[in-house]
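The values are calculated or read from the model by the stated rules, or taken from the named source; none is laboratory data. Because the structure is predicted, anything quoted here is derived from the model rather than measured. Cβ atoms come from the backbone with ideal geometry, glycine included; neighbour counts cover every protein chain shown. Areas reflect the complete protein model, heavy atoms only, side chains present, ligands, DNA and RNA absent. Shrake-Rupley method; radii C 1.70, N 1.55, O 1.52, S 1.80 Å.
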Amino acid sequence: MNKIYLDNASTTAINSEVLTEMMPYFNSVYGNASSLHSFGRDAKDATEQARQKIASAIGCLPSEIYFTSGATEANNWAIKGIAHANSKKGKHIITSKVEHESVLKACEELEKEGYKVTYLDVDKYGLVRLDQLLHNINKDTTLISIMSANNEIGTIQNIQTIANIAREKGVYFHTDATQAIGSVNISVNDMKIDALSLSGHKIYGPKGVGALFLRNGVAIEKFMVGGEQEKNLRAGTLNTPAIVGLGKAVEIACRDIIANAKKMSSLRNYFIKEVQSKIDMAFLNGHPIQRLPNNINFSFGMVEGESVMYMLDMQGIAVSTGSACSSGSVEDSHVLKALGLAEDLVKGGVRFTLSKSTTKEELDIVVEELQKVIKKLRKISPITKAQVGKLKK
Ligand SMILES: *Cc1c(COP(=O)(O)O)cnc(C)c1O
C-alpha cells in the first residue's frame, strides 16, 4: 500500500538538499562553535552563515537571530522573556484565542504570576478582531502576540495592520510565524515586527531547532543560564548540524515561496472543490481566500473527526484533527471552538495539509476513501441530519 501523508502542518519530511548540507557537521566539522581553535572556528563559521541566511530571508540583521530548540521555545522565550524584562512599564499582554498551545500556556503562566492577559476573539473565518485589539491596549500593555498564520485552519492574519497598531501605541509585537514561513512574504523590518518565532521541521528542515528574531534594543530576560552563547541570553552548545539545516531550509522556503504557493494552492482549491461536490455536509473551516496554500480544514456533519482520522489511517492516509498536540487526547480544538462552531462541527473537524510534493493523484485517492469512510460513519451516526450544526456550542 502506497501511503499518503497529508499532515504536513504537524511536521514535514526533510528536504534532501537540506540533509546533504547538514551531513558534514555531524562527524567531519564537529567542533564546538564556542571553542577558539580551528575546529571551533569552522563550526562557528557554519552557524554564522546560517544566521546570515535566516536574517536575509526575513529582512533583519544577523545579530537579531537567536537559535532555539524550536518554535515552542522561541514562543515561550519571547512571551515570558519580554513580559518579565518590561514589567516595570506594565503587566498586560494581548494575544488571541487561536494561538498555538506554546503561546497560550506561556500566557497562562504569566497570569499565575499576576500578569493580565487579554485573549482576543476571532471572527467566523478565524481573523483576530481588530476593533477589540484597539479597545484593549492600555498604558500597562507591553506585548501583543498574534500568530502570522494558524496551524489548524490556515487563516493568515492581517499581521501588517496589527504590527502598525502596536508600533503606533508603543507596544512590542511578537508573531509566531512557524506556519507562515515559506508561504507568506515576511520582512520584519518593513513590517515593524519586533519578535518572530520560526521552526525547522515545519519547512522541510530538521526537528528540534528553530529561531527567535528579536529586534536589537528590545529588552528580554535570559532563557537559560550556563555558557555565554547567543549573546549570553540562551546558554547551551549550539547544535551545528541542525542550525545549518535550519539555515538551508529557511533559505529554500523563502526562495521558492511563489512557486510552492502557486502549486499547493491550486491543489488545495481542487481538493476543496472535489470534497464539496462529492460529500454532503462538508463545511470548510478558516478563511476562504486568506489562508495557507497547503491547508484544508473541513467539519463533516454527522461524523467525528477522530473516527475519520483512524479510518483513513487504516487505508494508509495520514490526516489530523485539530492540532497534533491535542490528538491522542480527545480534547476539542480550541481553534474550532473560537470560530463559534456548534459542538458537533467542532468534533467533526478534519485537517488535511499538503506538502510541496503532494500530487493530484494522491488527492483523488483521498477524496475517494474519504467518501467511503464518511458514508460508513454516517450510517451509524448517533445524530440526525436535522441536528447538524445545531448542537450546543
Ligand atoms: C508546530 C508549531 C509550533 C511548535 O513548533 P516546534 O518547533 O515543534 O516546537 C508553534 N507554533 C505553530 C503555529 C506551529 O505550527
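Out of Glu17, Glu48, which single residue is surrounded by fewer than 20 Cβ atoms within 10 Å (Cβ to Cβ), closer than 30 Å to Ile153 by Cα, at pLDDT 95 or above and not polar (S, T, N, Q)?
Of the residues listed, the single one that is surrounded by fewer than 20 Cβ atoms within 10 Å (Cβ to Cβ), closer than 30 Å to Ile153 by Cα, at pLDDT 95 or above and not polar (S, T, N, Q) is Glu17.
For the range 33-44, does any single residue satisfy the condition of being open to solvent by less than 20 Å² (accessible area, probe 1.4 Å), within 30 Å of Thr359 (Cα to Cα) and not charged (D, E, K, R)?
Among the residues of the range 33-44, not one is open to solvent by less than 20 Å² (accessible area, probe 1.4 Å), within 30 Å of Thr359 (Cα to Cα) and not charged (D, E, K, R), which makes the answer no.
Which of the residues belonging to the range 198-212 are in a strand (DSSP E or B) and more than 7 Å from the ligand (Cβ to nearest atom)?
Leu198, Ala211, Leu212
Would it be correct to say that Ala46 is in contact (Cβ under 8 Å) with a residue 12 or more places away in the chain, assigned by TED's automatic domain parsing to the domain that holds Val244 and assigned to a loop (DSSP other than H, G, I, E, B)?
no
Just one of Gly286, Gly305, Gly316 is crowded, with 24+ Cβ neighbours inside 10 Å and over 16 Å from the mean Cα position of the chain (by Cα); which is it?
Result of the check over Gly286, Gly305, Gly316: Gly305.
Return a yes/no flag: does the range 108-120 have any residue that is touching an Asp or Glu at 6+ places or on another chain (Cβ under 8 Å), at pLDDT 95 or above and assigned by TED's automatic domain parsing to the domain that holds Ile162.
Checked the range 108-120: at least one residue is touching an Asp or Glu at 6+ places or on another chain (Cβ under 8 Å), at pLDDT 95 or above and assigned by TED's automatic domain parsing to the domain that holds Ile162.
Which is of a type in the set (Gly, Ala, Ser) and either under 30 Å from Ser299 (Cβ atoms) or at pLDDT below 95 (or both), of Ala163, Ala149, Ala85, Ala78?
Result: Ala149 is the single residue among Ala163, Ala149, Ala85, Ala78 that is of a type in the set (Gly, Ala, Ser) and either under 30 Å from Ser299 (Cβ atoms) or at pLDDT below 95 (or both).
Which one of these does Val244 not meet: (1) touching a residue at least 12 places away in the same chain (Cβ under 8 Å); (2) β-branched (Val, Ile, Thr); (3) open to solvent by 20 Å² or more (accessible area, probe 1.4 Å)?
Of (1) touching a residue at least 12 places away in the same chain (Cβ under 8 Å); (2) β-branched (Val, Ile, Thr); (3) open to solvent by 20 Å² or more (accessible area, probe 1.4 Å), only one is false for Val244: (3).
Considering only the range 69-91, how many residues are away from the ligand (no atom under 12 Å from the Cβ) and open to solvent by 10 Å² or more (accessible area, probe 1.4 Å)?
Going through the range 69-91 one residue at a time, the tally reaches 8.
Could you list all residues from the range 281-312 that are part of a helix (DSSP H, G or I) and in contact (Cβ under 8 Å) with a residue 40 or more places away in the chain?
Result: Gly305, Glu306, Ser307, Val308, Met309, Met311, Leu312.
Yes/no per residue for (1) touching a His at 6+ places or on another chain (Cβ under 9 Å); (2) surrounded by fewer than 18 Cβ atoms within 10 Å (Cβ to Cβ); (3) not in a helix (DSSP H, G or I):
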residue	(1), (2), (3)
Cys107	no, no, no
Gly126	yes, no, yes
Gln132	no, yes, no
Thr142	yes, no, yes
Asn151	yes, no, yes
Gln160	no, yes, no
Ala163	no, no, no
Thr175	no, no, yes
Gly182	no, no, yes
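Filter the range 238-250 down to the residues that are part of a helix (DSSP H, G or I) and over 15 Å from Gln179 (Cα atoms) and list them by number.
Correct list: Thr240, Pro241, Ala242, Ile243, Val244, Gly245, Gly247, Lys248.
Hey, can you tell me all the residues within the range 215-237 that are open to solvent by less than 30 Å² (accessible area, probe 1.4 Å) and closer than 23 Å to Ala180 by Cβ?
Residues satisfying the conditions are Val218, Ile220.
Restricting the search to the range 128-151, which residues are in contact (Cβ under 8 Å) with a residue 24 or more places away in the chain and more than 16 Å from the ligand (Cβ to nearest atom)?
Residues satisfying the conditions are Leu130, Leu133, Leu134, Asn136, Ile137, Asn138, Lys139, Asp140, Thr141, Thr142, Leu143, Ile144.
Can you pull out the residues in the range 213-228 that are away from the ligand (no atom under 16 Å from the Cβ) and assigned to a strand (DSSP E or B)?
Leu214
Pick from Tyr30, Tyr25: which is of a type in the set (Phe, Trp, Tyr), open to solvent by 10 Å² or more (accessible area, probe 1.4 Å) and part of a helix (DSSP H, G or I)?
Tyr25
With outside the structural domain of Asn189 (by TED's automatic domain parsing), of a type outside the set (D, E, K, R) and under 20 Å from the mean Cα position of the chain (by Cα) as the only criterion, which of Asn8, Asn75 stands out?
Asn8
Going by the structure shown, is Ser333 at pLDDT below 95, open to solvent by less than 30 Å² (accessible area, probe 1.4 Å), under 30 Å from Ile252 (Cβ atoms) and not acidic (Asp, Glu)?
no
Mind listing whichever residues of the range 289-302 are touching a helix residue (DSSP H, G or I) at 6+ places or on another chain (Cβ under 8 Å), within 27 Å of Ser266 (Cα to Cα) and either at pLDDT below 95 or surrounded by fewer than 24 Cβ atoms within 10 Å (Cβ to Cβ) (or both)?
Pro293, Gly301
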